[in-house]
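Reviewing the structure listed below.
What follows draws every value from the coordinates through simple rules; no lab data is involved. Model, not experiment: these values are computed from the prediction. Glycine also receives a Cβ, built like all others from the backbone with ideal geometry; neighbour counts cover every protein chain displayed.
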Amino acid sequence: MSVLSPTPTPTDIFGKPRDVKPGDDYINHSKGLMSWLLTLDHKRIGLMYMGGVCLTFLLGGVFAVLLRTELIWGGQTLPHVFGNSWESQYNQMFTLHGAVMTFLFIIPAIPAVIGNFALPLMLGAKDVAFPRLNLMSLYCWFGGAVFFVWVLVSGGLDTGWTFYTPYSTTTSTNVPAATLGAFVLGFSSILTGVNFIASIHMLRPRDMGWFKMPLLMWALYATAVIQILATPVLAITLLLLFAERIMQIGIFDPALGGDPVLFQHFFWFYSHPAVYIMILPALGVTSEIISVFSRKHIFGYKFIAFSSIAIALFGFIVWGHHMFTSGQSVYINALFSLLTMSVAIPSAIKVFNWLATMWRGSIRLDTPMLYAMGFIWLFTIGGLTGLFLATLNTDIHFHDTYFVVAHFHYVMVGSTLFAFLGGMYHWFPKMFGKMYDERHGKIAWTLTFIGFNLTFFIQFIAGSRGMPRRYADFLPQFHWYHVISTLGSYVLAVGLFWVLYNWIQGLRKGPQAPANPWGGNSLEWHTNSPPPHLNFDRDPHGVDPYRYDDWKWDESIQGYVIRDPEKDDPAYTGADGDPLPGEPATPAESHH
Amino acid sequence: MSDHEPPAPQDAPETPDPHAQGGGGSAHGHDHEHHGPDHLAHHFDSLEQQTEANKLGMWACLVTEVLMFGGLFLAYAVYRANHFPVFEYCHWFLDTKLGAINTVVLLASSLTMALGVRAAQLGQQKLLLVMLIATFMGGVGFMGIKSVEYSSKFSHELWWGQGNLYYPVAKKNAYYDKTVNENLGPDQPRQAWTEADRTYRIYELENYYFNYKKGVDWFTPHYIPPEYRVDPKDYAYHGGPADPPPAPAVSVTAPSASARAAADPQDDAQHAAPQPVVGLAGMTSSDIGSPAYGPSGVSTALGDVAIEGLEPDHGHRTHYTWDTLPEAERERVHIFFQIYYAMTGLHGIHVVVGMGLIGWLIFRAAAGAFGPTNFDAVEIVGLYWHLVDLIWIFLFPLLYLIH
């Protein structure tokens, strides 16, 4: 049933063919470049974010492949093009890889692309609460991206993405531009967070209480809380660093009497919660996909919902685990270690609930589900290796080794990237009204998954044997680890390009997508693919997003259509007395 | 939801307007087809919902502001705890009178803002306009007074970082070598500080700030009365030390006489008479070693040691002077000013942004844009303005008052 054949005409959620007129959906609603650049439509903004985010992902990915290539042999491998030496060229590459990937790609990827597109749809709303702020957030993102391009062409950056003082106050590379860029990107993040919080509070339709929201909403809500609470602290940190570089205000510079460890506290007070900005939306996306593709109600809804909030709150009190070796008090270290381990509780709650959801489900192994299952695998490995780093004595050994690199790539890249790709595949039909090629999707997933694990699993071993991170060169005993890791990164790169090819082919030649290809019941599947400009032809009302009984498979359109109670199952009136989605069955009887 | 017009049936005939929503012929039009008053955005069902959303969004933004300043307050707390003598010493340089006036100005502008919101809610257009303009003027007054304070600090070289008068001479000279002296011609005098220059100017500042009417004459901020003043030509930025001072810690008049004599012998007759230094005149390093002061120069007797020459209102408490500051803290005096400028500067930026928003409100209000059902903009700008006020309420005592 997963082989999709082209259906000649677009259909609505009842499986009836619908007339397609110009202006029907949000993509062809209005024409011209300006109608996109000045749009207030959350779906178009999400799509533009997607374009930008994917471009920066490509940029960060190029740096990644370059620096893996540099490390394939000991000594200098790549020609020396920029920087003072080939080693400083390497420093710049890993810095730009980290900064671009973190600030421009991972943090905005899921909230700004999938969140922007899906959040109002899932809430049954016409738009986010503040569409203009939403557009402004997009332009803040572009502004931040411009700053980073400026960094690229004006001496680069070699501080690592963390901007640790005092090196960042003394290096000759373009730290001020990079801090300003990250500052502006912070605005983008904050505005998105404010928008999501206000939307979730205010725009839920009637009948949608907090516990009838899809779990992605809970995840995005928790993310938004972090965004508005943590990002301003990064903003002031970067502002002070900027002032330090430009005006010699020495809050952090020891030469001026400042305290560099204070910078680390400030930085990680944001950047540890920022890790959860990256992972929480990914957890939400996974919750959606796992339930839909298991054709089974999500297990432990409230536990998953509250564990998102718990992770967000815990995220604020564990930042010190980045600084176990910075010389802070041992009592603080012990406390941070304990608190860090407690984050494992809500994380494990989620994983167990997903597994329980899949248990005895009717699992469809379509591409989004493969990514979601890959996510569980990577997130579990990443999470469990985090415990070694949360433990004080092992952390002393692992600190600043490839073990840390592998750990955070498993949670940040593996998990978030896989959830992003899975989410993109999941909502691809809704976004564009086209289906991608399932076979290519699976091949791409296989390559990505194998490539990722090849690249990073070996780094756990290299790191535990003492290979330090951020070194341009290595001792001979680490050679084969690096060779395998580099080859894995090539496989990963091929897999990602395959994904891109798959999407482009889907856009160009993909068959018409039905309104509900996966049989999901959250509200975005209750409208056409792609949705109309104002999202819904009728005002939706809240439904249980994880009750799939109301949809039946329709072979002719290769998608799910709403069950007609009269015809399909006269005795069936909904599982718990809820109104059927799309009720009333005959459109003339409005629910108003 | 109840305010919506009922959606058209799925199979309704096509609407003639090509821009209207398709997808089965919904009755929802494009953005400009409203289902309520003009100021109700298309994605809200009712004005109440819109107002609630606007306020919630603004509160979320205010939370980010609080957290942003929270970082600075934390830095303040850390540095105050680590360098308490510096903070105690430096807060005397801030003008409590001007700070208090600014507090009143800002509080008053918060009141006018609140009255403006009320006027908007009641539809009193003229009163609204008056109140907004009054609030704007409050912002102007605040920034004006702030700039008076800043310029007096600047004129006394109480900068942040290396520009600060207290910044260690050796480091300062290294900085000048890198930035200024490198570009000088061979015949141009090299800029350098001597310990004597700096010490004298510090005493001068102490005399001025601690003893002369406690604060700045804020109508003429650059003015230092003659008895506290020396000619900068003689003491600062001079072409290198000609004659090292007799001792690092000396009575105030000593470096003055010797340094000036060395610098400008012709002028000596004019200035040879000792400056009529009030205040610390009689206090020398030998006093510091007296039993009233602890080994590090910190007073061990709290509250009842009168320092000779201090004004009576300061006489009942001990506070640090240059001579009593612990040696390690002497190098860190500029830290206070770094925090001071960072906090008040960021706050000032927020005041300016608020003035911009209020200016925009004034234009809108003059056009009659606000009324009993449409005052969200006034209200949320008001919230912002109150927050700016609130932050100042914390800044004022932390920087100006406590010691």
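Quick look at the values:
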read-out: At R0 = 30 Å, FRET efficiency that the Cβ-Cβ distance of residue A:20 and residue A:494 yields, to 0.05; value: 0.25
read-out: Distance between modelled label sites at residue A:82 and residue B:353, nm, 7 Å Cα→Cβ extension; value: 3.1
read-out: Phi to ³J(HN,Hα) by Karplus 6.51 cos²θ - 1.76 cosθ + 1.60 over region A:288-304, Hz, x for Gly, Pro; value: 4, 5, 4, 5, 4, 7, 9, 6, 8, 4, 4, 8, x, 3, 5, 5, 5
read-out: Relative exposure of A:54, B:90, judged by other C-beta atoms within 10 Å (fewest first); value: A:54, B:90
read-out: Region B:311-403 shape via C-alpha gyration tensor axes, a/c threshold 1.5; value: prolate
read-out: B:390, A:262 arranged by Cβ crowding within 10 Å, fewest neighbours leading; value: B:390, A:262
read-out: Per-pair calculated FRET efficiency, R0 = 35 Å: residue A:58 and residue A:555 via Cβ, rounded to 0.05; value: 0.35
read-out: Lysines whose Cα lies under 27 Å from that of residue B:126, excluding same-chain neighbours fewer than 8 positions away; value: B:55
read-out: Eligible lysines near residue A:552 by straight Cα distance, threshold 22 Å, same-chain separation 8 or greater; value: A:16, A:212, A:296, A:430, A:434, A:567
read-out: Taking B:55, B:97 and counting other C-beta atoms within 10 Å, the order from fewest to most; value: B:97, B:55
read-out: Within region A:420-453, backbone nitrogen closer than 17 Å to the virtual label 7 Å beyond the Cα of residue A:504 toward Cβ; value: A:436-437, A:440-441, A:444
read-out: Whole-Å distance, taken between Cα centres, linking region A:183-208 and region B:69-103; value: 36
read-out: Estimated distance in nm for a label pair at residue B:48 and residue B:184, the labels positioned 7 Å out from Cα along Cα-to-Cβ; value: 7.4
read-out: R0 of 41 Å, Cβ-Cβ distance residue B:96-residue B:369: FRET efficiency to nearest 0.05; value: 0.50
read-out: With at most 12 neighbouring Cβ atoms within 10 Å, loop GluC sites (Glu not before Pro) (DSSP) excluded, longest segment of chain A; value: A:1-554
read-out: Straight-distance crosslink candidates among lysines, where the alpha carbon sits under 27 Å from residue B:153 and sequence neighbours closer than 8 are dropped; value: B:97, B:171, B:172, B:178, B:213, B:214, B:233
read-out: Label point distance in nm, residue A:201-residue A:387, each placed 7 Å from Cα along Cα→Cβ; value: 3.8
read-out: Gain on full stretching of the segment that runs from residue A:362 to residue A:461 - 0.36 nm per residue minus C-alpha separation; value: 31.9 nm
read-out: By average C-beta atoms within 10 angstrom, highest first, the peptides A:71-82, B:110-121, A:160-171, A:119-130; value: A:119-130, B:110-121, A:160-171, A:71-82
